Amino acid sequence: MSHHTAREAYRKLTERINHFPQGAPPTELLFRILEVLFTPAEAELVALLPIKPFSAAAAAQLWKKSETEARDILEGLASRGMMLDIETRQGQMFVLPPPMAGFFEFSMMRVGDYYDQKLLAELFYQYLNVEEDFVKALFATGETQIGRIFVNERALPAENTLHVLDYERASEVIETAAHIGIGTCYCRHQLSRLGRNCEAPMDICMTFNSTAGSLVKHGIARRVDKAECHDLLNEALGRNLVQFGENVRERVSFICNCCGCCCEAMLAAKRFAVLQPISTTNFLPAIVDEKCSGCMKCADVCPVEAMGMVSAGDPRHHKRKKAKVNEDLCLGCGVCARVCEKQAIGLKHRSKRVLTPVNNAHRAVLMAIERGKLQDLIFDNQALASHRAMAAVLGVILKLPPLKQVMASQQMKSRYLDHLLLRREGKPAEA
């Protein structure tokens, strides 16, 4: 009976997790991961929590506990990275992070005895690399992705020939961050437990703003100033690591410094390339054939194998090669341009500009629309218990371009939501 009760708690937690737009397909492996990360009692409680930020008082009401008891439980979860503890104008608030980028990573960001990290590494590897349902749901569904690539700033020409917006630069994220934390790279740490990691540095995973504030507060990341974070970014650039961060313009919460051999995002980009699992930069390599020596350095550093060699067509040197980029696979990171000693590779604008969501709420709504989960986002009973919360989400939807509004309306045919929309427009609702 106790096993059945525990199983039911993890099933309910899985349902709650799947209210996030990216979700986490329920499999036996996911249940085993949740068993490591949460006790059955914690799973049952967390399953009741909203997706939107909430207070300890709100959790206490949901759990039918005192506010002190609820706060102790929430802070305990936050101390292990299963919850984010943030300070707002309304006081202390808590947020249930998604699996990725979220509590999966946080469980591996602090080396210690909080979890059996060897077991977690094995389970994560199986869940993300053997079973494909989760990684497909995360990276290969919809047009709006959870993460995007930042252009390698060292590859940009000195002259102002390319228009680079502030939010396209990792250095600008550092400069504008309210909090900065550095943690252990989830991907390389996971593979180190399996004896498969490369030699790229581990302590180089960057978190920012409220996420960094919570992780630093609970010892999951260490606080650094902007100067040290810039130094770490320069180290990553020098090692030809690729900056993969949150796909928003404002208040970016993370930037990972990724290698092509360990990092889940880069591996997904190679496995599901045609589905465009990562939002690219607005740039592409431009190769000057006459300068290219065919040295293959650009191909060697490309994290997603988008750069290759073809015949140079030289009648005097039949074996001569030249670089060629597969633009359908290219992330536009610019690493290839940076390592080219012959200066045969520059950067050019993509023909169609890549659009980046403004903030986390904007991205969540777009992802929910594209993934057919808008009803989960809106009718999350705990998260949207009041009309005020409902109006906040609807406000984002109603600011979308007309085509996206049509898509949203197709997802929302309930009489209740129609009633809310009519009230907002000042029209009488149907009986």
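The values are calculated or read from the model by the stated rules, or taken from the named source; none is laboratory data. Given the structure is predicted, the values throughout are model-derived calculations rather than measurements. All Cβ positions, glycine included, derive from the backbone under ideal geometry; neighbour counts span all protein chains shown.
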Restricting attention to the stretch 145-168, does a residue exist that is over 16 Å from Thr281 (Cβ atoms), in contact with a Phe, Trp or Tyr (Cβ under 6 Å, 6 or more places away or on another chain) and in contact (Cβ under 8 Å) with a residue 60 or more places away in the chain?
no
Quick one: would you say Lys65 is basic (Lys, Arg) and either closer than 26 Å to Arg222 by Cα or in contact (Cβ under 8 Å) with a residue 24 or more places away in the chain (or both)?
no
Test: residue in the stretch 223-230 that is closer than 24 Å to Ala337 by Cα and at pLDDT 95 or above
yes
For the stretch 208-255, what are the residues that are farther than 11 Å from Val173 by Cβ and hydroxyl-bearing (Ser, Thr, Tyr)?
Ser210, Thr211, Ser214
Looking at (1) over 25 Å from the mean Cα position of the chain (by Cα); (2) β-branched (Val, Ile, Thr); (3) under 23 Å from Phe272 (Cα atoms), which is the only condition Thr356 fails?
(1)
Somewhere in the stretch 255-267, is a residue at positive phi and modelled with pLDDT of 95 or more?
no
Among the numbered criteria (1) buried (at least 18 other Cβ atoms within 10 Å of the Cβ); (2) of a type in the set (A, V, I, L, M); (3) not assigned by TED's automatic domain parsing to the domain that holds Gly260, which one does Ala155 miss?
(3)
With under 26 Å from Val216 (Cβ atoms) and surrounded by fewer than 19 Cβ atoms within 10 Å (Cβ to Cβ) as the only criterion, which of Tyr125, Tyr114, Tyr186 stands out?
Tyr114
Residues that are among the polar types (S, T, N, Q) and over 18 Å from Val242 (Cβ atoms), drawn from the stretch 156-183
Asn160, Thr161, Thr176
Is there a residue in the stretch 13-28 that is closer than 23 Å to Ile86 by Cα, free of Cβ contacts under 8 Å to residues at least 40 places away in the same chain and in contact with a Lys or Arg (Cβ under 6 Å, 6 or more places away or on another chain)?
no
For the stretch 70-77, indicate whether the set of residues that are exposed (fewer than 14 other Cβ atoms within 10 Å of the Cβ), closer than 24 Å to Ser210 by Cα and among the β-branched types (Val, Ile, Thr) is non-empty.
no
So, in the stretch 276-321, exactly how many residues are in a loop (DSSP other than H, G, I, E, B) and surrounded by fewer than 12 Cβ atoms within 10 Å (Cβ to Cβ)?
8
Could you list, in sequence order, all residues of the stretch 34-51 that are surrounded by fewer than 20 Cβ atoms within 10 Å (Cβ to Cβ) and not hydrophobic (A, V, I, L, M, F, W, C)?
Glu35, Thr39, Pro40, Glu42, Glu44
